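Q: Below are the structure tokens for one structure; questions will follow.
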Amino acid sequence: MPHVQATIPDPKASEAAGKAARKQFPRSQQAHVEFPETRRNPIEILKEQSASRVQELVPIRYGRMSVSPFTFYRGAAAIMAADLGTAPHSGLMTQLCGDAHLANFGVFSSPERRLVFDVNDFDESHPGAFEWDVKRLVASFAVAGRHRGFTPEQRRAINLAAAASYRNSMTLFAAMTNLEVWYSHFEMNQALDLFAASAGGKKSKEKGVERVRKMSDKARSRTSLQAFTKMTVNTDGSPEFLSQPPLLIPIRDLMTPDQSDAVWEMLHKGLGAYKRSISDDRKHLLEQFHVVDVAHKIVGVGSVGLRAWVLLLLGRDATDPLVLQVKQSQRSVLEPYVGRSKYRNHGQRVVNGQRLQQAFTDIFLGWTRVVGLDGNTRDFYVRQLRDGKGSADLDRMPAATMEVYARLCGWTLARAHARSGDRVAIASYLGASDTFERSMAAFAETYADQNEQDYALLEAAIGSGELEVRTGV
């Protein structure tokens, strides 16, 4: 058998690629954003997204987005993707979160039952230019800072902190081995140390540490058992989901008996396909549970209207529950600008994007495809509804704490990108000066201005009756 000469990676070639990208699209240009006269109407983009959703739930989505410019931003990933996707970029590609705003980071339990901080939402995950995620993240801090009433100086410090953390962290990851990057993660005890050492007075530090402790304690309590206790009722000795319309509607209240029987049949087919997407050991564990009830559940802001189901499974007995979420997946908002996904199933796209970017993933994470009662084929991904998940209280977070949180998000996003992209090239592009973070901070405030204008268009569309809205849900 002939000897094949292995090609040894050359970090110098990656460094050169990063510097070449910097010449083609200077870091200072990252600050600029143009909104041409031909810019797509944001309301039309939202309507286009709503066309394939459950129509009765779309007014709830608009209602949640209409609460404030910040909630609007959370649901406006497609609008920002249209703005970024048609503008110049670095050309340095990596697997993106696709919706990397600050509320899409949080706490999770690793399979070893340790609490870690990581990216949360991967519905829009797709390859793209690395700075698109960074811009989505930093602009979210600008929008949230305005929502909290922070001064321009406070917001600038927070924006700079997020982008500088990303740049400095990518530099560190560029010097690591592949395995070191892959094993890197941020545990919550490290977060406690970070907040304890943060800038600000003694009381500010103490409050920051206390908030992290409360978030960690809450996350530890958010398990399938907690979801089971909160979302179910015991009827004639058998547990079943509570009826809390429109947020949670059991299948028995949603459909006729004949329709329910058809859904149960589809469910078993879908679970069969789902089991093929997980490893044999986890399939063995899952097969020790059996499904006892199904309900439709509304989740998130931007996701409202997508089909999302929760499954109640029991193991050894009624004290051994598992609650799985089955959530519809559609094409990423990034696909029109960077090409179709290589995955035929969008659930698989979401799952593999998550596995690439997260340090630890849910042991039950997988995907399936289901033909609905209407004859339409839809893709879904499956995960535990709650598995030690927790999030920061952004509505009460003071500026000093948010600055530390921004640094934590910046590190986490850099780690996610370093796992799948050319981290050496990205670090080379970012360089050693503060040019990148200053550009990101400036971009963030400009985009926050545009977000407020787009939010005003939403309010006008609701006021005129163009969009039907349902609030308080």
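Q: With an 8 Å Cα cut-off and a minimum separation of 6 or more residues, compute the relative contact order for the chain in percent.
A: Averaging sequence separation for qualifying contacts and normalising by length gives 31 percent for the chain.
Q: Hey, another quick one. How high is the relative contact order of region 5-140, in percent, counting Cα pairs under 8 Å that sit 6 or more residues apart?
A: 22 percent
Q: I've got another one for you. Find the centroid of the Cα atoms in region 18-90 and in region 331-404, then give the distance between the two in whole Å.
A: 18 Å
Q: In region 325-413, which trypsin sites (Lys or Arg not before Pro) fall in coil by DSSP and have 15 or fewer other Cβ atoms within 10 Å?
A: Counting only loop positions with at most 15 other Cβ atoms within 10 Å, the trypsin sites (Lys or Arg not before Pro) in region 325-413 are R331, R340, K342, R344.
Q: Working from the alpha-carbon coordinates of region 224-384, get Rg over Rh, Rh being the Kirkwood radius.
A: Expressed as Rg/Rh, it is 0.96.
Q: Let me ask you something else. So which trypsin sites (Lys or Arg not before Pro) in region 274-310 are both in a DSSP loop and have at most 12 other Cβ atoms within 10 Å of their Cβ?
A: Passing both the DSSP loop test and the Cβ count: R276.
Q: Let me ask you something else. With each label point set 7 Å from Cα along the Cα-Cβ vector, what nm distance links D253 and K275?
A: 3.1 nm
Q: Aspartates and glutamates near K12 by alpha-carbon distance under 19 Å, same-chain residues fewer than 8 away left out - which ones?
A: D422
Q: Would you mind counting up the charge near L267? Only other residues with Cβ under 12 Å from its Cβ, with Lys and Arg at +1 and Asp and Glu at -1.
A: -2
Q: Give the residue list of GluC sites (Glu not before Pro) in region 439-473 that are DSSP loop and have at most 15 other beta-carbon atoms within 10 angstrom.
A: Those that pass, being in a loop and sparsely packed, are E466, E468.
Q: Something else: So what is the relative contact order for region 224-384, in percent, with contacts set as C-alpha pairs under 8 Å and at least six apart?
A: 23 percent.
Q: Taking 25 °C and 0.890 mPa s as the conditions, I'd like the Stokes-Einstein D for the chain in µm²/s, using the Kirkwood hydrodynamic radius from alpha carbon pairs.
A: Estimated diffusion coefficient is 105 µm²/s.
Q: Now, a different point. Given charges of +1 on the Cβ of Lys and Arg and -1 on the Cβ of Asp and Glu, with all other atoms neutral, how large is the dipole of the chain about its Cα centre, in debye to the nearest 20?
A: Roughly 920 debye for the chain.
Q: Let me ask something additional. Quick one: which of 313-326, 78-91 comes out on top by average Cβ neighbours within 10 Å, and what's the full order, highest first?
A: 78-91, 313-326
Q: Helices from the chain with mean Kyte-Doolittle at least 0.0 and a Cα length along the axis of 24 Å or more, per DSSP H: which?
A: Correct list, ordered by number: 130-147, 399-420.
Q: Grab the DSSP H runs of the chain that are 4 residues or longer, score each as -39,500 (n - 2.57), total them, divide by all residues and round the 222 nm result to the nearest 500 deg cm²/dmol.
A: Mean residue ellipticity at 222 nm (helix-derived): -15500 deg cm²/dmol.
Q: Kindly flag which residue pairs out of K275/K327; K269/K327; K230/K297; K214/K297 have an alpha-carbon separation exceeding 19 Å in this structure.
A: K214/K297
No value in this document is a laboratory result; all are computed from the given coordinates. Given the structure is predicted, the values throughout are model-derived calculations rather than measurements. In this analysis, Cβ positions are derived from the backbone assuming ideal geometry, glycine residues included, and neighbour counts consider all displayed protein chains.
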